[in-house]
Amino acid sequence: MMVENPSLEELGAILKKAKRIAVVGLSNNPERTSYQIAKAMQEAGYEIIPVNPTIDEVLGVKAVKSLKEINGHVDIVDIFRRSEHLPGLAREFLEIDADVFWAQQGIVNEEAYQFLKEHDRTVVMDLCIKVIHALTR
């Protein structure tokens with residue numbers, strides 16, 4: 001089985017509609033990719049919600065320990081965690097009823113993908129949200 005992402009056109013529509021992005025594994029270290037990408041998305045106008053139990057805040061926003069601690073609707077859950085963490089995150093994603101499960105470039109897990117597709121969810125894997133945003137603006 002292969003992971004099949006939405007088309008570039010569909011991804012553009014997702015990003016145009018989205019307002020709130022929960023960033024799982026967001027680091028408060030400006031040298032880290034997660035920080036740089038979240039900062040770029042924040043500067044592009046998205047509300048960023050840091051999800052990381054090891055930090056208090058990043059990019060001027062208080063961090064939450066898990067997706068379940070977020071108040072209000074989440075449009076995109078953007079993930080910067082190793083592939084083996086995706087099945088657990090997929091279950092948590094369903095619990096908060098977010099719209100799009102987005103695993104960053106280099107992150108793929110077929111078990112999580114299949115689970116979310118069985119629940120009729122939009123899944124993106126192995127794509128950088130910042131790159132797709134730049135390509136679809």
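What the table shows:
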item	result
Residue count, the range 1-27 (criterion: open to solvent by 80 Å² or more (accessible area, probe 1.4 Å) and in a loop (DSSP other than H, G, I, E, B))	4
Conditions (1) free of Cβ contacts under 8 Å to residues at least 40 places away in the same chain; (2) within 11 Å of the chain's Cα centre (by Cα); number of the one not met by CYS128	(1)
Options ILE37, ILE48, ILE55: the member that is touching a residue at least 40 places away in the same chain (Cβ under 8 Å) and either surrounded by 21 or more Cβ atoms within 10 Å (Cβ to Cβ) or over 20 Å from ASP126 (Cβ atoms) (or both)	ILE37
Hits in the range 108-124 - residues which are open to solvent by 20 Å² or more (accessible area, probe 1.4 Å) and either on the phi > 0 side of the Ramachandran plot or outside any helix (DSSP H, G or I) (or both)	VAL108, ASN109, HIS119, ASP120, ARG121, THR122
Qualifying residue in the range 93-100 (condition: touching a Phe, Trp or Tyr at 6+ places or on another chain (Cβ under 7 Å), more than 19 Å from LEU8 (Cβ to Cβ), modelled with pLDDT of 95 or more and in a loop (DSSP other than H, G, I, E, B))	no
Selection status of GLU84, more than 14 Å from VAL3 (Cα to Cα), assigned to a helix (DSSP H, G or I) and touching a Ser or Thr at 6+ places or on another chain (Cβ under 8 Å)	no
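The values are calculated or read from the model by the stated rules, or taken from the named source; none is laboratory data. Just so you know, these numbers come straight off a predicted model, no measurement behind them. Glycine also receives a Cβ, built like all others from the backbone with ideal geometry; neighbour counts cover every protein chain displayed. Just so you know, the surface numbers come from the protein's heavy atoms only, side chains and all, with ligands and any DNA or RNA stripped out. Shrake-Rupley method; radii C 1.70, N 1.55, O 1.52, S 1.80 Å.
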